[in-house]
Amino acid sequence: MNDRPPILIVLHGELSTPGRIGLQLKERGFVLDVRRPRFGDTLPGTLDDHTGVVIFGGPQSANDDDEVVKREIDWIGVPLDEQKPYLGVCLGAQMLARAAGATVKQAATSEVGWFEIELTPPGRSDSVLGALPLRSEAFQWHHYTFDVPAGADELARSEACTQAFRLGDACWGVQFHPEVTAKQLDEWTADAEDPPPDPERLRAETPAKIDAWNDLGRALCSAFLVTAERLAAPVA
């Protein structure tokens, strides 16, 4: 019997999935507590009954004048106050930055497709981002960026913007998409509401890149889970 507390999964689309991260969680025996606040799900008042939380991306901006977005940013105070393991992906990272008092803004250059990221010196020794090589080609899909919150460590960068940071000992935000699968990428590319600037190029490039990226996504997710379980373990 699995007696480990579940991982809270927060999704922003009616049909969106946690992708590679969800698969990795299930492979490691975690139960996924999936919530979709935009479609009526509530978020727990405490994470005492959860190992940690992963908040994924979506078409919204952390700057939207939208009550659901505002409530979710306010709710991030729960993992921050409780120092519960938190991983924010894309919008989830931007929301974490906003919750910590940093500015989220339109990126000077949108990154949609495959872009190189590089770890900073703190990133190389980080328990989660350190699972990646010094440089890697990451899948990106974002039009916004954020300032690194006060007191946080920038862990990775691209030519365009900050790509990852750690806030405190338990909260991480990544601008890139470690969860994306080939199926998800096909669906995102076909989305008429947010089309990539060059869909044919993206479709042509992806088959040669997606397997290596999924391997790195598994490594990053595994490192987060190992760290989350260590942080969530009761003090002897």
Legend entry - Pairs where the first residue, in the range 191-211, is within 17 Å of Phe115 (Cα to Cα) and the second is in a loop (DSSP other than H, G, I, E, B) and not small (Gly, Ala, Ser), C-beta under 7 Å, 6+ apart: Leu202/Pro196
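Among the residues of the range 43-85, write down those that are of a type in the set (A, V, I, L, M) and either modelled with pLDDT of 95 or more or within 17 Å of the chain's Cα centre (by Cα) (or both).
We begin by selecting, within the range 43-85, every residue of a type in the set (A, V, I, L, M); these are 43, 47, 53-55, 62, 68-69, 73, 76, 78, 80.
The answer is Leu43, Leu47, Val53, Val54, Ile55, Ala62, Val69, Ile73, Ile76, Val78, Leu80.
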Inset, instruction - Only residues that are surrounded by fewer than 17 Cβ atoms within 10 Å (Cβ to Cβ) and β-branched (Val, Ile, Thr): list them for the range 31-72, please. - result: Val31, Val34, Thr42, Thr46, Val68
Inset, instruction - Would you point out the residue of the range 153-169, among those that are in contact with a Gly (Cβ under 8 Å, 6 or more places away or on another chain) and of a type in the set (A, V, I, L, M), that is farthest from Leu216 (Cα to Cα)? - result: Leu167
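Among the residues of the range 62-86, which ones are within 24 Å of Asp194 (Cα to Cα) and in contact with a helix residue (DSSP H, G or I) (Cβ under 7 Å, 6 or more places away or on another chain)?
In the first step, residues of the range 62-86 are kept if they are within 24 Å of Asp194 (Cα to Cα); the result is 62-70, 72-73.
Once the filter is applied, which keeps residues that are within 24 Å of Asp194 (Cα to Cα) and in contact with a helix residue (DSSP H, G or I) (Cβ under 7 Å, 6 or more places away or on another chain), the range 62-86 yields Ala62, Val68, Glu72, Ile73.
Can you pull out every residue in the range 17-30 that is surrounded by fewer than 18 Cβ atoms within 10 Å (Cβ to Cβ) and either assigned to a loop (DSSP other than H, G, I, E, B) or modelled with pLDDT of 95 or more (or both)? Before the answer, list the steps.
So the first thing to find is which residues in the range 17-30 are surrounded by fewer than 18 Cβ atoms within 10 Å (Cβ to Cβ), and the list is 23, 26-29.
Passing the criteria: Arg28, Gly29.
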Legend entry - Identity of the residue in the range 93-128, acidic (Asp, Glu) and outside any loop (DSSP other than H, G, I, E, B), that ends up farthest from Gly58 (Cα to Cα): Glu118
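Taking the condition of a type in the set (Gly, Ala, Ser) and outside any loop (DSSP other than H, G, I, E, B), does Gly58 pass? Please lay out each step first, then the result.
On the way: of a type in the set (Gly, Ala, Ser): yes; outside any loop (DSSP other than H, G, I, E, B): no.
Answer is no for this residue.
The values are calculated or read from the model by the stated rules, or taken from the named source; none is laboratory data. Treat the numbers as computed from the prediction; the structure is a model and nothing was measured. Here Cβ is always computed from backbone atoms with ideal geometry, including for glycine, and neighbour counts include all displayed protein chains.
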